[in-house]
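Student: One structure, pasted below without further comment.
The values are calculated or read from the model by the stated rules, or taken from the named source; none is laboratory data. This is a predicted model, so every value here is computed, not measured. Positions of Cβ are generated from backbone atoms using ideal geometry, with glycine treated the same way; all protein chains shown enter the neighbour counts. Side chains included, ligands, DNA and RNA excluded: accessible areas come from the protein's heavy atoms. Shrake-Rupley method; radii C 1.70, N 1.55, O 1.52, S 1.80 Å.
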Amino acid sequence: MQTAMIISPHADDAAAFCGATIAKFANEGWHIILVRVTDDRKDSIGLTIEETIAKNTEELHNAAKILGVNEIIELGFETDMLADVPLGKLRERMVYLFRKYKPYAVFTFDPFGLYENNQDHVRVAQAVDEALWVSCFDKHYPEHFAEGLEPFSVCERWYFARQLPNVTHYEEIAGTIERKIDAVCAHREMMRNTINQYQLQLKTWGKQVAWLQESKEGNLKPLVGMFLQEQAKALAEAAGWDTEMYLAEAYRMERFGGLEPLFQMMAEPLENATPAPARVELDQPHETKVDEKQQAHLIPVDIHERVRLMGHHHLCAGAFDELLELPVFQLGYASLVEHLKPNPDLIVETVYGYGLFCYHCGYFSQEEGRCTTGWKNKIAKDVAVLDHLGLKPGSQTRLEDLQKLLAEKVPYEKLEEFCGPGGEGKCEMYALGVCQKAYSGLRKKYGIESK
Ligand SMILES: [Zn+2]
């Protein structure tokens with residue numbers, strides 16, 4: 001099974017920021033390595049440095065056990081002092097760990113995270129982010145190669161933050177939230193110190209909260225549990241999920257960036273490779289499993305005169321010519337590309353539910369008879385697009401008129417809102433830049449000023 005490596009500046013960061021995901025991965029059989037970068041020597045109240053190191057280390061081991069961590073690696077840097085450690089030195093340690101343990105996925109702070117006031121978090125995020133590419137080079141740190149290590153690249157980069165600049169992935173964690181809460185509570189001394197900071201601030205305000213004192217002295221779980229439950233619920237809500245059933249942790253997850261769609265289409269399995277873990281959002285079947293006879297039946301008899309599109313696919317009509325020329329699109333929709341010949345008089349009929357592209361698409365599950373993209377609120381998205389264009393199911397529009405309408409009503413920002421990475425769609429073709437180019441061509445063609 002694959003290895004996940006969590007690079008945690010402090011003992012408690014792993015549990016607090018990605019604890020439920022770690023526990024879930026551990027359940028799935030991943031090998032989990034937790035790298036603690038600092039010694040947390042100052043994170044306590046009323047203890048000596050030695051006592052603090054011992055206590056926080058013991059509590060880390062308890063928390064790691066709860067989460068299902070297999071290995072803890074201590075880097076032993078002095079806590080709250082990483083800003084004074086040369087970044088290159090920290091980076092070398094990360095490169096070494098990647099080359100030695102070959103993690104499939106790495107979890108750490110996002111170097112672009114917002115509102116981060118802890119320099120240990122910032123420095124670790126920066127060192128890891130750079131190490132992710134430096135580890136691939138055959139001329140960086142040759143002393144590693146003398147040890148028998150080789151260049152290596154981590155596949156998935158899972159970034160968390162106090163506030164992420166861009167959430168690209170919500171992990172569903174209802175099954176492991178309890179273990180996250182228990183693990184965070186296991187960091188008793190660090191939680192007590194966190195509470196203490198609020199108490200001092202409240203004191204300056206001239207107030208106190210009795211519950212904080214009770215929690216600090218006694219059972220942390222009600223307080224920590226409430227906070228983490230509410231946080232996970234808010235994230236599930238942001239994901240568009242039913243919060244009665246689902247909870248979430250949020251990430252900016254990076255794999256191949258803009259090349260993801262291309263690699264999805266073209267990558268073939270390596271011999272003797274450990275199979276990659278399944279990801280609902282990323283690893284779609286991309287094989288329609290439709291035989292030739294079925295394919296023939298999926299081409300509408302009047303495709304030369306009329307195509308039927310679901311709401312948000314109307315946006316694709318603005319880039320028909322460019323999409324049909326695109327190798328990735330041709331691979332994905334081979335049978336369709338052969339038959340679809342857009343012309344100005346082609347009628348685009350608006351439909352509810354699945355349209356022309358859906359049954360031909362690699363994201364469509366033949367077994368389940370549904371689109372597996374996991375797009376949330378797809379109906380809301382269809383309605384939003386149609387409402388914006390002033391169309392309704394049953395509308396019939398000449399392709400040329402529709403393209404003019406799109407040129408007028410869908411400026412760059414609107415296209416990004418509907419199809420871009422931060423929007424509902426996360427469209428692969430948009431990620432390749434083809435639609436932006438097509439739309440700017442349309443605007444030019446119809447003499448519409450781009451805003
Ligand atoms: Zn921390």
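Student: Against the condition closer than 29 Å to residue 275 by Cβ, more than 15 Å from the ligand (Cβ to nearest atom) and open to solvent by 30 Å² or more (accessible area, probe 1.4 Å), how does residue 206 come out, does it pass?
Tutor: The answer is no for residue 206.
Student: Something else about it: Being closer than 30 Å to residue 264 by Cβ and either part of a loop (DSSP other than H, G, I, E, B) or among the basic types (Lys, Arg) (or both), is that true of even one residue in the range 80-98?
Tutor: No, the range 80-98 has no match at all.
Student: Among 236, 174, which is assigned by TED's automatic domain parsing to the domain that holds residue 16, touching a Phe, Trp or Tyr at 6+ places or on another chain (Cβ under 6 Å) and not in a helix (DSSP H, G or I)?
Tutor: Step by step, each of 236, 174 is checked, and only 174 is assigned by TED's automatic domain parsing to the domain that holds residue 16, touching a Phe, Trp or Tyr at 6+ places or on another chain (Cβ under 6 Å) and not in a helix (DSSP H, G or I).
Student: Same structure again: Is there any pair linking a residue in the range 386-410 that is in the same structural domain as residue 314 (by TED's automatic domain parsing) and within 18 Å of residue 345 (Cα to Cα) to one that is open to solvent by 30 Å² or more (accessible area, probe 1.4 Å) and of a type in the set (A, V, I, L, M, F, W, C), with Cβ under 6 Å and at least six apart or on different chains, and which?
Tutor: 396/347; 407/448
Student: Continuing with this model, one more query. Looking at the range 73-87, is at least one residue more than 16 Å from the ligand (Cβ to nearest atom), of a type outside the set (D, E, K, R), assigned by TED's automatic domain parsing to the domain that holds residue 188 and surrounded by fewer than 14 Cβ atoms within 10 Å (Cβ to Cβ)?
Tutor: Yes, the range 73-87 has at least one match.
Student: So, in the range 113-163, how many residues would count as being within 16 Å of the ligand (Cβ to nearest atom), farther than 20 Å from residue 90 by Cβ, part of a loop (DSSP other than H, G, I, E, B) and not charged (D, E, K, R)?
Tutor: 1
Student: Moving to a separate point now. List the number of the failed condition for residue 40; all other conditions in (1) charged (D, E, K, R); (2) away from the ligand (no atom under 13 Å from the Cβ); (3) surrounded by 21 or more Cβ atoms within 10 Å (Cβ to Cβ) hold.
Tutor: So residue 40 meets the others, but not (2).
Student: Name the pairs: first residue in the range 188-199 and within 14 Å of residue 63 (Cβ to Cβ) and outside the structural domain of residue 118 (by TED's automatic domain parsing), second residue polar (S, T, N, Q) and open to solvent by less than 50 Å² (accessible area, probe 1.4 Å), Cβ to Cβ under 6 Å, at least 6 apart or on different chains?
Tutor: Final answer for the pair search is none.
Student: I'm told residue 287 meets every condition in (1) modelled with pLDDT under 80; (2) among the acidic types (Asp, Glu); (3) in the same structural domain as residue 161 (by TED's automatic domain parsing) except one. Can you identify the failing condition by its number?
Tutor: Answer for residue 287: the failing condition is (3).
Student: Residues to consider are 251, 246; find the one that is within 30 Å of residue 379 (Cβ to Cβ), among the aromatic types (Phe, Trp, Tyr), in contact with a strand residue (DSSP E or B) (Cβ under 6 Å, 6 or more places away or on another chain) and not in a loop (DSSP other than H, G, I, E, B).
Tutor: 251
Student: Scan the range 335-348 and tell me whether some residue there is modelled with pLDDT under 85 and basic (Lys, Arg).
Tutor: Scanning the range 335-348 turns up no residue that is modelled with pLDDT under 85 and basic (Lys, Arg).
Student: Here is a further query. Looking only at residues in the range 397-422 that are part of a helix (DSSP H, G or I) and of a type in the set (A, V, I, L, M, F, W, C), which one is nearest to residue 442 (Cα to Cα)?
Tutor: Among residues in the range 397-422 that are part of a helix (DSSP H, G or I) and of a type in the set (A, V, I, L, M, F, W, C), the one nearest to residue 442 (Cα to Cα) is 407.
Student: I'd like the residue in the range 88-104 that is basic (Lys, Arg) and surrounded by 14 or more Cβ atoms within 10 Å (Cβ to Cβ) and, out of all such residues, is nearest to the chain's Cα centre (by Cα).
Tutor: Per the criteria, the residue is 102.
Student: Identify, from the list 230, 237, 178, the residue that is within 25 Å of residue 108 (Cα to Cα) and either open to solvent by less than 70 Å² (accessible area, probe 1.4 Å) or in contact with a Ser or Thr (Cβ under 8 Å, 6 or more places away or on another chain) (or both).
Tutor: None of the other options fit; the residue is 237.
Student: Any residue in the range 115-134 that is over 15 Å from residue 84 (Cβ atoms) sitting within a Cβ distance under 8 Å of a residue that is basic (Lys, Arg) and within 11 Å of the ligand (Cβ to nearest atom)? List the pairs, counting only those 6 or more apart or interchain.
Tutor: If the second residue must be basic (Lys, Arg) and within 11 Å of the ligand (Cβ to nearest atom), the pairs left are 115/162; 116/162.
Student: Another question about this same structure. Please go through the range 1-29 and pick out each residue that is in a helix (DSSP H, G or I) and more than 9 Å from the ligand (Cβ to nearest atom).
Tutor: 14, 15, 18, 19, 20, 21, 22, 23, 24, 25, 26, 27
For every residue, the table says whether it meets (1) among the basic types (Lys, Arg); (2) part of a helix (DSSP H, G or I); (3) open to solvent by less than 40 Å² (accessible area, probe 1.4 Å).
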| residue | (1), (2), (3) |
| --- | --- |
| 319 | no, yes, yes |
| 345 | no, no, no |
| 367 | no, no, no |
| 381 | yes, yes, yes |
| 387 | no, yes, no |
| 392 | yes, no, no |
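Student: Shifting gears a bit: Which one is least open to solvent (accessible area, probe 1.4 Å), of the residues in the range 43-54 that are touching a residue at least 24 places away in the same chain (Cβ under 8 Å) and within 16 Å of the ligand (Cβ to nearest atom)?
Tutor: If we take residues in the range 43-54 being touching a residue at least 24 places away in the same chain (Cβ under 8 Å) and within 16 Å of the ligand (Cβ to nearest atom), then 52 is least open to solvent (accessible area, probe 1.4 Å).
Student: If residue 133 satisfies every condition in (1) of a type in the set (A, V, I, L, M, F, W, C); (2) farther than 15 Å from residue 7 by Cβ; (3) surrounded by 21 or more Cβ atoms within 10 Å (Cβ to Cβ) but one, which is the exception?
Tutor: With (1) of a type in the set (A, V, I, L, M, F, W, C); (2) farther than 15 Å from residue 7 by Cβ; (3) surrounded by 21 or more Cβ atoms within 10 Å (Cβ to Cβ) applied to residue 133, the lone miss is (3).
Student: Checking residue 61 against (1) part of a loop (DSSP other than H, G, I, E, B); (2) over 27 Å from the mean Cα position of the chain (by Cα), which single condition isn't satisfied?
Tutor: Here residue 61 clears every test but (1).
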